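Novice: Let me give you the structure first, and then I'll get to my questions.
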Amino acid sequence: MKTPTNDKELLPAWIVIGAATIALGGISYWYYRQRQQKAVAPLVPEKSNVEKEARSNPSRFRCENTNYPLAYRTCHEDVKILQTYLAKVFKEDLGHTGSNQDGIDGMFGTKTNRAAKKQLGKSVFTQQDIKGMQ
């Protein structure tokens with residue numbers, strides 16, 4: 001076997017070594033990031049279904065509150081009760097969001113606010129109000 005004696009004969013070997021080093025570095029970094037994400041995931045508190053849906057919803061709606069009283073920009077499971085009441089009793093159109101595409105998604109947005117003001121005369125609801133709707 002012939003041994004390389006000048007720099008021009010060594011160039012292809014250095015290119016291969018450099019490319020292999022970069023590839024291994026990239027694979028190592030990807031593996032490191034995967035391990036980091038798996039280690040951090042159990043530490044993150046679990047979100048409710050409404051909050052998960054709000055995050056996955058591509059609209060500009062943002063949840064600012066998740067507790068009572070229920071008002072505009074609130075995300076809560078009990079908002080679904082209010083929305084169901086408005087949709088079933090008053091036949092209000094609440095849009096096409098939610099699992100059944102009927103507007104019942106647990107997010108107190110513009111359409112829910114408008115329908116509540118129109119049909120119920122108010123836009124802020126307490127726990128007693130929601131229990132009365134059940």
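The values are calculated or read from the model by the stated rules, or taken from the named source; none is laboratory data. This is a predicted model, so every value here is computed, not measured. Don't worry about glycine lacking a Cβ; one is built from the backbone with ideal geometry, like all the others, and counts go over all protein chains shown. Accessible surface areas use protein heavy atoms only, side chains included; no ligands, DNA or RNA. Shrake-Rupley method; radii C 1.70, N 1.55, O 1.52, S 1.80 Å.
Novice: Name the single residue, out of those in segment 98-113 being open to solvent by 50 Å² or more (accessible area, probe 1.4 Å) and either of a type in the set (Gly, Ala, Ser) or under 14 Å from Ile81 (Cα atoms) (or both), that is nearest to the chain's Cα centre (by Cα). Step through it out loud before you land on a result.
Specialist: Of segment 98-113, the ones open to solvent by 50 Å² or more (accessible area, probe 1.4 Å) are 99-102, 110-111.
Right, trim to either of a type in the set (Gly, Ala, Ser) or under 14 Å from Ile81 (Cα atoms) (or both) and you get 99, 102.
Working: Ser99: 15, Asp102: 20 Å.
Of everything passing the filter in segment 98-113, Ser99 is nearest to the chain's Cα centre (by Cα).
Novice: Among the numbered conditions (1) within 22 Å of Arg62 (Cα to Cα); (2) surrounded by fewer than 22 Cβ atoms within 10 Å (Cβ to Cβ); (3) in contact with a helix residue (DSSP H, G or I) (Cβ under 8 Å, 6 or more places away or on another chain); (4) among the aliphatic types (A, V, I, L, M), tell me where Met133 comes up short.
Specialist: Here Met133 clears every test but (1).
Novice: Taking interchain pairs and intrachain pairs at least six residues apart, which have beta carbon atoms under 8 angstrom, with the first residue in segment 78-95 and at positive phi and the second assigned to a helix (DSSP H, G or I)?
Specialist: Within 8 Å, the pairs are Gly95/Lys111.
Novice: Also, I was wondering about something else. Of the conditions (1) surrounded by 10 or more Cβ atoms within 10 Å (Cβ to Cβ); (2) modelled with pLDDT under 90, Ala23 clears all except one; give me its number.
Specialist: Against the list (1) surrounded by 10 or more Cβ atoms within 10 Å (Cβ to Cβ); (2) modelled with pLDDT under 90, Ala23 comes up short only on (2).
Novice: So which residues in segment 114-130 are out of contact with any Phe, Trp or Tyr (no Cβ under 7 Å at 6 or more places or on another chain), open to solvent by less than 70 Å² (accessible area, probe 1.4 Å) and not in a helix (DSSP H, G or I)?
Specialist: Within segment 114-130, Gly121, Phe125 meet the criteria.
Novice: If a residue has to be at pLDDT below 85 and under 26 Å from the mean Cα position of the chain (by Cα) to count, how many in segment 124-134 make the cut?
Specialist: Matching residues across segment 124-134 total 0.
Novice: State whether the residues of segment 74-89 include one that is assigned to a loop (DSSP other than H, G, I, E, B), modelled with pLDDT of 85 or more, open to solvent by less than 70 Å² (accessible area, probe 1.4 Å) and of a type outside the set (Val, Ile, Thr).
Specialist: Yes, because at least one residue in segment 74-89 is assigned to a loop (DSSP other than H, G, I, E, B), modelled with pLDDT of 85 or more, open to solvent by less than 70 Å² (accessible area, probe 1.4 Å) and of a type outside the set (Val, Ile, Thr).
Novice: Filter segment 26-54 down to the residues that are under 30 Å from Cys75 (Cβ atoms), surrounded by 10 or more Cβ atoms within 10 Å (Cβ to Cβ) and small (Gly, Ala, Ser), then identify the one that is modelled with the lowest pLDDT.
Specialist: In this case the residue turns out to be Ala54.
Novice: Looking only at segment 65-97, count every residue that is charged (D, E, K, R) and either over 15 Å from Lys118 (Cβ atoms) or under 23 Å from the mean Cα position of the chain (by Cα) (or both) and tell me the total.
Specialist: 5
Novice: Exactly one of these conditions fails for Gly95: (1) exposed (fewer than 14 other Cβ atoms within 10 Å of the Cβ); (2) more than 26 Å from Gln128 (Cβ to Cβ). Give me its number.
Specialist: The number of the failed condition is (1).
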